[in-house]
1. Only one residue in ALA348, ALA315 is surrounded by 13 or more Cβ atoms within 10 Å (Cβ to Cβ), small (Gly, Ala, Ser) and farther than 30 Å from LEU211 by Cβ. Which one?
2. Quick check on segment 144-159. Is at least one of its residues surrounded by 15 or more Cβ atoms within 10 Å (Cβ to Cβ), farther than 30 Å from LEU127 by Cα, out of contact with any Phe, Trp or Tyr (no Cβ under 6 Å at 6 or more places or on another chain) and not charged (D, E, K, R)?
3. Out of VAL354, VAL321, report the one residue that is within 29 Å of VAL216 (Cα to Cα) and either modelled with pLDDT of 85 or more or not aliphatic (A, V, I, L, M) (or both).
4. Which one of these does GLU257 not meet: (1) at pLDDT below 85; (2) buried (at least 19 other Cβ atoms within 10 Å of the Cβ); (3) closer than 27 Å to ALA183 by Cβ; (4) under 23 Å from the mean Cα position of the chain (by Cα)?
5. Could you tell me which of the residues LYS230, LYS199, LYS221 is in contact (Cβ under 8 Å) with a residue 40 or more places away in the chain, assigned by TED's automatic domain parsing to the domain that holds ASP290 and among the basic types (Lys, Arg)?
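The values are calculated or read from the model by the stated rules, or taken from the named source; none is laboratory data. What you are looking at is a predicted structure, and each value in this text was computed from that prediction instead of being measured. Neighbour counts are summed over all protein chains in view; Cβ atoms, including those assigned to glycine, are modelled from backbone coordinates with ideal geometry.
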Amino acid sequence: MSQVNHVNIAWLDDQIDILARENEELFKDYNCFITFKAKTADELQSFLKDHCNMVDAVIVDFEVDSTNPNAETSTSGFQKVAYIRDQFSPIPFFLCSNFNLRDIEERSQNFGEQERDYFLKPDENGLRRYCHKSEVSRLLEMICTEVESLSTPQFKVRQEYDKAFKAIELFGLDAETFVSLLAIDEEIDYKDLAEKPVKLRKEIERLFEKLGEEEVIPSKKLNEVVNWFKIPSPNPKIDSDDMMPKALVSTLDFFAELINNSAHSLYFDEYLKDSRDVYLVKALTIICLDIIKWFNNYYDLYKDVRPFHFDPFTAVVIDKVEREGKQALLVKHEGEEYVLQKNYNAHANIGDKVKVKGRAKDTYYRKDYYVSRDKWERCDTT
C-alpha cells in the first residue's frame with residue numbers, strides 16, 4: 001500500500017455522492033481524499049481553474065454529462081474531459097466506469113487516438129489508466145503510485161507539511177495560498193511577488209479570529225496576540241509548559257513586524273520588487289506553517305477549557321486607585337481584583353454597583369485585571 005501522506009482527488013461522475021459514500025473507508029486506507037465532487041465536466045473545469053494546485057489526480061466516468069444537447073452524452077462529455085485534461089496537465093486523469101474494457105474500446109472509436117491511448121494503452125508495466133467501478137482499490141493504488149512518481153512541486157509541498165495543512169483545513173484557512181507561495185518560481189512578476197506576504201498576513205489574522213472566537217487566546221488581533229505570548233505564564237488556566245516556545249514567539253514577532261499593515265514604512269515591499277527574493281517569501285510561508293502547527297496543538301489542549309471565556313458580573317466599587325498615572329476604580333469579584341479605567345460617561349464612586357462586561361487587551365499582564373472604559377458601566381440605582 002502507498003506510503004504517501006495525503007492525495008487530493010477530484011472525482012467526476014453523475015453518481016458521485018453514492019460512490020463517495022461507498023468508498024469512504026477505502027479512500028482513508030490509501031490516504032486519499034475527495035477534494036471535489038463533480039457531476040458535470042463544466043463543474044470539474046470550473047473547480048480546477050481556481051484550485052488546480054490542490055488536486056493531485058482526477059477520476060472521470062466514461063459517460064459524462066454532455067455540454068452539447070445535440071450530441072451523445074458519452075462522446076461530447078468525454079471530449080470536454082479531454083480538453084480539460086490537456087488544459088490542466090500534468091495532473092493525471094484516470095477512467096473509472098461500469099463499462100468493461102471491451103465496451104469502452106468500442107464506444108471510444110470516435111475519440112482521437114491520443115485520448116484513447118492515454119486511458120487505454122498499457123504502460124511498460126501493463127497498467128492502464130482505467131478500472132471498473134468494482135476495482136476502486138486497484139485504482140487508488142495506481143493513482144498513489146503515479147502521483148508519487150510525478151511528484152509535482154505542489155504535491156511535494158503538501159507532503160512535507162502534511163500536519164500543517166491538516167491544521168489549515170481544521171481552521172478553515174486557504175490551503176492554496178500556502179501551496180502556491182511555496183511553489184512559486186523565480187520568474188514571478190515582481191509586483192505579484194510584493195503582494196504575496198499580504199496574503200500570508202490575512203491567513204494568520206483569520207487564524208487568530210478563529211482562536212479568539214473559541215476563547216483560547218485573549219485577542220483576535222495579530223500584534224496583541226504576539227504581545228500576550230511574550231509574557232511568561234500569563235493565564236492561571238494555562239500551564240506554563242504549554243506556552244509558545246520563546247524561539248517561536250520571536251519568530252512570530254518578526255513575522256508580524258515585517259509584514260504589518262504599514263510594512264511599506266520598512267521598505268519591505270520595495271525590497272521584494274527590486275530583488276524578486278522568492279526565498280524570503282517562502283521562508284515567511286514556512287514560518288506561518290510552523291505557527292499554524294503549534295496553534296493546532298495548543299487548540300487541542302484548550303478548546304474545551306476556553307481560558308479566556310468571560311461571564312459579565314456585577315460588583316461594588318471598593319476603592320479609587322491609580323494605574324499608569326491615571327485615576328481608576330477597583331472592584332473585587334470571586335477573589336479577583338479588577339481595575340476599571342475611568343469612564344467619563346459613567347461616573348461611579350466607592351460603594352456604587354458596576355457591571356463589568358469584558359476585559360481589556362492587556363488582561364493577565366499583571367496580578368489584577370485591567371478593564372477598559374468601554375467594558376464596564378454603572379448600574380442603575382433607581
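1. ALA348
2. Within segment 144-159 (the criterion being surrounded by 15 or more Cβ atoms within 10 Å (Cβ to Cβ), farther than 30 Å from LEU127 by Cα, out of contact with any Phe, Trp or Tyr (no Cβ under 6 Å at 6 or more places or on another chain) and not charged (D, E, K, R)), the answer is no, since none of the residues qualifies.
3. Step by step, each of VAL354, VAL321 is checked, and only VAL354 is within 29 Å of VAL216 (Cα to Cα) and either modelled with pLDDT of 85 or more or not aliphatic (A, V, I, L, M) (or both).
4. It fails just one condition, (2).
5. The match here is LYS221.
Yes or no, residue by residue, for (1) in a helix (DSSP H, G or I); (2) among the hydroxyl-bearing types (Ser, Thr, Tyr); (3) surrounded by 12 or more Cβ atoms within 10 Å (Cβ to Cβ); (4) at pLDDT below 90:
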residue	(1), (2), (3), (4)
PHE78	yes, no, yes, yes
ARG85	yes, no, yes, no
ARG102	yes, no, no, yes
GLU105	yes, no, yes, yes
GLU115	yes, no, yes, yes
LEU127	no, no, yes, yes
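Yes/no per residue for (1) charged (D, E, K, R); (2) under 30 Å from ASP374 (Cα atoms); (3) surrounded by 13 or more Cβ atoms within 10 Å (Cβ to Cβ); (4) over 22 Å from the mean Cα position of the chain (by Cα):
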position: ILE286; (1), (2), (3), (4): no, no, yes, no
position: ILE292; (1), (2), (3), (4): no, no, yes, no
position: PHE310; (1), (2), (3), (4): no, yes, yes, yes
position: GLU322; (1), (2), (3), (4): yes, yes, no, yes
